[in-house]
Amino acid sequence: MKKNNQPILKEGNISYVFPFILITTCFALWGFANDITNPMVKAFSKIFRMSVTEGSLVQVAFYGGYFAMAFPAAMFIRKYSYKAGVMLGLGLYAFGAFLFFPAMKMGNYYPFLIAYFILTCGLSFLETSCNPYILSMGTEETATRRLNLAQAFNPIGSLLGMFVAMNFIQNRLHPMDTAERAQLSLSEFEAIRDADLQTLTAPYLIIGVVIVVMLIVIRISKMPLNKDQSHKIDFVPTLKRIFHRKHYREGVITQFFYVGAQIMCWTFIIQYGTHLFTSMGMEEQDAEVLSQQYNIIAMGLFCVSRFICTFLLKYLNPGLLLKTLAIAACVFTVGVITLQNIWGMYCLVGVSASMSLMFPTIYGIALQGLGDDAKFGAAGLIMAILGGSVLPPLQASIIDMGSFCGFPAVNLSFILPFICFVAVTIYGHRTNIREKKH
């Protein structure tokens, strides 16, 4: 196979190193938002005495914002610029984070959902802007490698988000579990709830300040201009044109399933671990903390694996590597479902290592050859993040069953991620065949 060793941050005499660093920082920032949020399903369920299904509305609001704003973001970027899209995205991100303060004062669950929705409208602008922006910073031959390199910094932000969630939120919440809170008087419950909401809100206010600083830095920095020949918005003809491309159409569907699998595995590792460790005699609070520690280990493996796989892309075609990792994820997920001991948790951690390459590789494959239509193509792929909104509540509803024919429902619920990884395997296989032909 021909090796592709061209510089990935240079085109002709133009160097994109500094703009690449700035935009790559944004990848880490939305990674932070994603993974400080996943443990909040469990946190809000406890704070407001709700079921897992009700707590998973956090993910519905979070990933619903991605879906709602993707195509408006694409039209905005097409009319103005990638830089303008990044700045608007950062502004909405900060605004949503600051809305946690009035939500805390109200002491109600639903204002937090509104804050999450607005925050992720900003993330939708960021991802719709930053992913194709990175692809444009060099030649098309090295675009997938370039995007994988930028995406490799996303889990660094995710690790920080998990660390903050565990040490500055979960560990500082009142240790009383949901069942015990249900026995409290109204005044006792409100006192504990308000203290917990203050703990939960503080990190979001801090990240809001960080985002504002990042917005100012990008505003005053010189960034590459759009390469579009036209800023005209032909919405329907463009959609017809890009969805006519089979590899793009299948890429959007595959991305829906992949994101759903990723969010399910990273959200419900807390429930999976809590059930596992409490069945071994551990207290629920300690089981939750230990589960989050495994979640951080999983993200660490995800991060290391992404750097390794980015290097391997110099020698292997993206479709083959995607297919191989998806098969590994299927095997690990079978272990998660069938094993009811610590090896099941090890398998769930192993799933993260297998997922590392999937999002940016599916993204890069789907956008190949789209040219000026890449902005709208990117929007379709960002809308596919809706999988993170639709599929977790389905898994949560299975978990709420408790057991099924004597089998732990939390184990059985991972049949949904397994189905998703099968879809990714098929896309990797079809891509590999197409790449061999070309």
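The values are calculated or read from the model by the stated rules, or taken from the named source; none is laboratory data. Computed from a prediction, not measured in an experiment: that's the story for all the values here. Reconstructed Cβ throughout: ideal geometry from the backbone, glycine too, with neighbour counts over all protein chains shown. Please note that ligands, DNA and RNA were not included when accessible areas were found on the heavy atoms of the full protein model with its side chains. Shrake-Rupley method; radii C 1.70, N 1.55, O 1.52, S 1.80 Å.
Only protein heavy atoms count here; under a 1.4 Å probe, LYS83 has an accessible surface of about 50 Å².
Hydrodynamic estimate: the Kirkwood radius of the chain over Cα pairs, inserted into Stokes-Einstein at 20 °C and 1.002 mPa s, corresponds to D of 97 µm²/s. Nonpolar atom fraction for the stretch 146-216, defined as the carbon and sulfur part of the 1.4 Å probe accessible area, stands at 68 percent. Paramagnetic label reach from GLU188 (point 7 Å along Cα→Cβ; backbone nitrogen cut-off under 17 Å): within the stretch 258-292, no residues.
Label positions at GLU283 and ASN167, each projected 7 Å from the Cα along the C-beta direction, are separated by 2.2 nm.
Exceedance of the 22 Å cut-off in Cα-Cα distance is limited, within the set LYS375/LYS437; LYS240/LYS375; LYS323/LYS437, to LYS375/LYS437. For the stretch 102-251, averaging the sequence separation of C-alpha pairs within contact (under 8 Å, six or more residues apart) and dividing by the residue count gives a relative contact order of 21 percent.
How much length would be gained if the chain were fully extended between LEU312 and MET401, taking 0.36 nm per residue of separation minus their Cα-Cα distance, in nm to one decimal? Please list the in-between numbers first.
Numbers: separation 89, 0.36 × 89 = 32.04 nm, distance 4.23 nm.
Gain on extension, LEU312 to MET401, equals 27.8 nm.
When peptides 97-103, 411-417 are sorted by average Cβ neighbour count within 10 Å, with the highest value leading, the order is 411-417, 97-103.
Projected label points at ILE220 and LEU339, each 7 Å from Cα along the beta carbon direction, are separated by 5.2 nanometres. Note on ARG193: accessible area is roughly 40 Å² with a 1.4 Å probe, heavy atoms of protein only. Exposure check, 1.4 Å probe, all protein chains in place: LYS42 carries approximately 40 Å² of accessible surface.
Just the number, please: carbon plus sulfur as a percent of the accessible area of the stretch 232-437, 1.4 Å probe, no ligands or DNA/RNA counted. The partial results should precede the final answer.
Numbers: 5280 of 7640 Å².
That fraction is 69 percent.
Gyration tensor analysis over the Cα atoms of the stretch 8-222 returns equivalent ellipsoid semi-axes of 37, 16, 14 Å (largest first, whole Å).
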